[in-house]
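Visitor: This structure is in structure tokens; I'll ask about it shortly.
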Amino acid sequence: MSCPSYTWRSSMFLKYVLLGLSLAAPIGPVNAAQMDRGIKYGFWQAWMVGLGATVADALYMFMVYMGLVSYINTPFIKTFLWLFGSFVLLYTGIETFKRATPEKKSSQHDYTVHNSRSFMAGFLMSLTNPLTILFWLGIYGSILAETATKYTLENLLLYSAAIFSGILLWDFTMAIVSSSFRKMLADRILEWISKLSGLSLMGFGFYFGYRGISFLLS
């Protein structure tokens, strides 16, 4: 009797893992930053960017669950997030472009500093992105609405874990791919990929700034 229930849970878990993958896969600031960090510093730096972004996602998911998202989904807060997010992305993009030449080696001290910086870069990029709020409000809000009427809290926790498993799986894949590029491609090609990542981050920064100014003037 328990076998059908187990099979059903497994299929639902896989469904939400795939949802997590689809949430993380679209090209955005975090993916661009992961690619750059992986090329320059290797697997762990790219992984730290993704992990930082995932922690920010978890924070917003918790806010949606607690009903707190309505307090940060106001015009004033959204304008602040657009503008501050623009600053974070422009600063990161400019620094990425300036330091486009791949580094051969780093000291242990630099490695530790880069870990914390990579984590904070991913965290701030996701935290200051108003689209993240709307994204989780739409996606996780609908999951909450469905679960509240059909399933138990245990199922909600299971689905939430599945979503994050998908997100972390994508981050892990991006970290492997970007760090592999560092070993496979010529330094000149890596330099241009890093520069394109920097330009991509600056492009998102200008877009965030435009949206923030539009909110101010509206």
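The values are calculated or read from the model by the stated rules, or taken from the named source; none is laboratory data. Please read these numbers as outputs of a predicted model, since none were measured by experiment. Note that we place each Cβ from the backbone using ideal geometry, even for glycine, and neighbour counts take in every protein chain shown. Just so you know, the surface numbers come from the protein's heavy atoms only, side chains and all, with ligands and any DNA or RNA stripped out. Shrake-Rupley method; radii C 1.70, N 1.55, O 1.52, S 1.80 Å.
Visitor: Does L81 qualify as being open to solvent by less than 70 Å² (accessible area, probe 1.4 Å), touching a helix residue (DSSP H, G or I) at 6+ places or on another chain (Cβ under 9 Å) and at pLDDT 80 or above?
Guide: Judged against the criteria, L81 is not a match.
Visitor: Provide a single number: the residues in the stretch 169-191 that are crowded, with 18+ Cβ neighbours inside 10 Å and modelled with pLDDT of 70 or more.
Guide: 7
Visitor: Looking for whichever is at pLDDT below 80 and either of a type in the set (G, A, S) or more than 15 Å from T92 (Cβ to Cβ) (or both) here; the options are G38, G28, G42. Which one fits?
Guide: Residue meeting the stated conditions: G28.
Visitor: Does the stretch 125-132 contain at least one residue that is in a helix (DSSP H, G or I), more than 25 Å from S178 (Cα to Cα), touching a Gly at 6+ places or on another chain (Cβ under 8 Å) and modelled with pLDDT under 80?
Guide: The answer is yes; a qualifying residue exists.
Visitor: Then there's this: Does the stretch 50-59 contain at least one residue that is at pLDDT 85 or above, open to solvent by less than 50 Å² (accessible area, probe 1.4 Å) and over 24 Å from G203 (Cα atoms)?
Guide: Scanning the stretch 50-59, I find at least one residue that is at pLDDT 85 or above, open to solvent by less than 50 Å² (accessible area, probe 1.4 Å) and over 24 Å from G203 (Cα atoms), so the answer is yes.
Visitor: Taking S86 as the residue in question, decide whether it is over 30 Å from L14 (Cα atoms), modelled with pLDDT of 70 or more and surrounded by 20 or more Cβ atoms within 10 Å (Cβ to Cβ).
Guide: Yes.
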